[in-house]
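The values are calculated or read from the model by the stated rules, or taken from the named source; none is laboratory data. Predicted model, so just to flag it, every value in this text is computed and none were measured. Quick reminder, even Gly has a Cβ in these numbers, built from the backbone with ideal geometry, and neighbours come from all protein chains shown. Keep in mind that these areas ignore ligands, DNA and RNA; they rest on the heavy atoms of the full protein, side chains included. Shrake-Rupley method; radii C 1.70, N 1.55, O 1.52, S 1.80 Å.
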Amino acid sequence: ALERTFSIIKPDATKRNLTGKIVAKFEEAGLRVVASKRIQLTLKQAQTFYGVHKERPFFDELCEFMISEPIVVQVLEGENAIAKNREVMGATNPAEAADGTIRKEFALSIGENSVHGSDAPETAKEEIAYFFSGLELVG
Ligand code: CMP
């Protein structure tokens, strides 16, 4: 089915001027960018967005990293967009990511792993709504 998913190009990637190369990977996989903006998160916004991870040992490090530089938040649309995006990103840990994936090519570590993508339809919906209004989604 035609789906939408939420994507973040993370600080390690924006800092190294990898935004275009990462977007090209999404587009080559058939994902269309239907919303996009470059923002810098506040600590509160990062903590809210990653709320499900607040008991994890890496939570503070994760939030500090996510506010360290601008990020690019996007909505990607396509057939099975959630699974397709996860395939193009590769495994969370770049050491385990398959050849040709974004994380294999660009990620520095499990934390500085260049991209985030929604893991399921319900989280995609929540994450999109956290960053975008309906008017900003142009399919
Ligand atoms: P993301 O998809 O953005 O969702 C949660 C993030 O936590 C994940 O990508 C990783 O970048 C990060 N993460 C997971 N495990 C670790 C870890 N052990 N140390 C630091 N960050 C982590």
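Cα-based Rg of the stretch 80-123 per 2.2 N^0.38 Å, rounded to two decimals?
1.09
Normalised by the residues of the stretch 7-107, what does the relative contact order come to in percent, with Cα pairs under 8 Å and at least six apart? Before the final figure, lay out each step's value.
Numbers: 128 pairs, mean separation 37.0, N = 101.
Result for the stretch 7-107 is 37 percent.
Counting only heavy atoms of protein chains, what accessible area per residue, in Å², does the stretch 74-116 have with a probe of 1.4 Å? Intermediate values should be presented prior to the final figure.
Values: 1930 Å² over 43 residues.
Here the residues of the stretch 74-116 average 45 Å² of exposed surface.
Would you mind telling me the share, in percent, of accessible area of the stretch 23-137 contributed by carbon and sulfur at probe 1.4 angstrom? Walk me through the numbers before you get to the answer.
On the way: 3160 of 6290 Å².
In the stretch 23-137, the share of accessible area belonging to carbon and sulfur is 50 percent.
Rounded to a whole number, what is D in µm²/s for the chain from Stokes-Einstein with the Kirkwood radius over alpha-carbon pairs (25 °C, 0.890 mPa s)? Could the numbers behind the result be given before it?
Details: Rh = 14.9 Å.
Reported coefficient: 164 µm²/s.
At 0.36 nm per residue, minus the direct Cα-Cα distance, what do GLU55 and GLU28 gain on full extension? Give it in nm, one decimal, please.
Numbers: separation 27, 0.36 × 27 = 9.72 nm, distance 3.67 nm.
Once the chain is fully extended between GLU55 and GLU28, it gains 6.1 nm.
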The ³J(HN,Hα) series, computed from each phi in the stretch 113-123 with the Karplus coefficients 6.51, -1.76 and 1.60 at θ = phi - 60°, rounded to the nearest Hz and given as x for glycine or proline, is 10, 6, 9, 10, x, 4, 9, 6, x, 5, 5
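Using 0.36 nm times the number of residues separating GLU112 and ALA98, minus their current alpha carbon distance, what extension gain do you get?
On the way: separation 14, 0.36 × 14 = 5.04 nm, distance 1.69 nm.
So the extension gain works out to 3.3 nm.
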Using only Cα atoms, locate the centre of the stretch 40-63 and the centre of the stretch 79-103, then give the distance between them in Å, rounded to an integer.
22
From the phi of every residue in the stretch 45-51, what ³J(HN,Hα) in whole Hz does the Karplus formula 6.51 cos²θ - 1.76 cosθ + 1.60 yield, where θ is phi - 60° and glycine or proline is x?
5, 5, 5, 5, 4, 9, x
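Which length gain, in nm to one decimal place, applies between ASN80 and LEU2 when the Cα-Cα distance is subtracted from 0.36 nm times their residue separation? Let's see the in-between values first.
Values: separation 78, 0.36 × 78 = 28.08 nm, distance 0.61 nm.
Answer, rounded to one decimal: 27.5 nm.
So if the hydrodynamic radius of the stretch 58-139 is defined as the Kirkwood radius over C-alpha pairs, what does Stokes-Einstein give as its diffusion coefficient at 4 °C and 1.567 mPa s, in µm² per second?
On the way: Rh = 13.9 Å.
Value of D from the Cα-based Kirkwood radius: 93 µm²/s.
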Point-to-point label distance, ALA129-THR48, nm (Cα→Cβ direction, 7 Å offset):
1.3
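Placing +1 at every Lys and Arg Cβ and -1 at every Asp and Glu Cβ, with all other atoms neutral, what dipole size does the chain have around its Cα centre, in debye to the nearest 20? Write out the running numbers ahead of the final one.
On the way: 17 positive and 21 negative charges, 66 e Å.
For the chain, the charge dipole is close to 320 debye.
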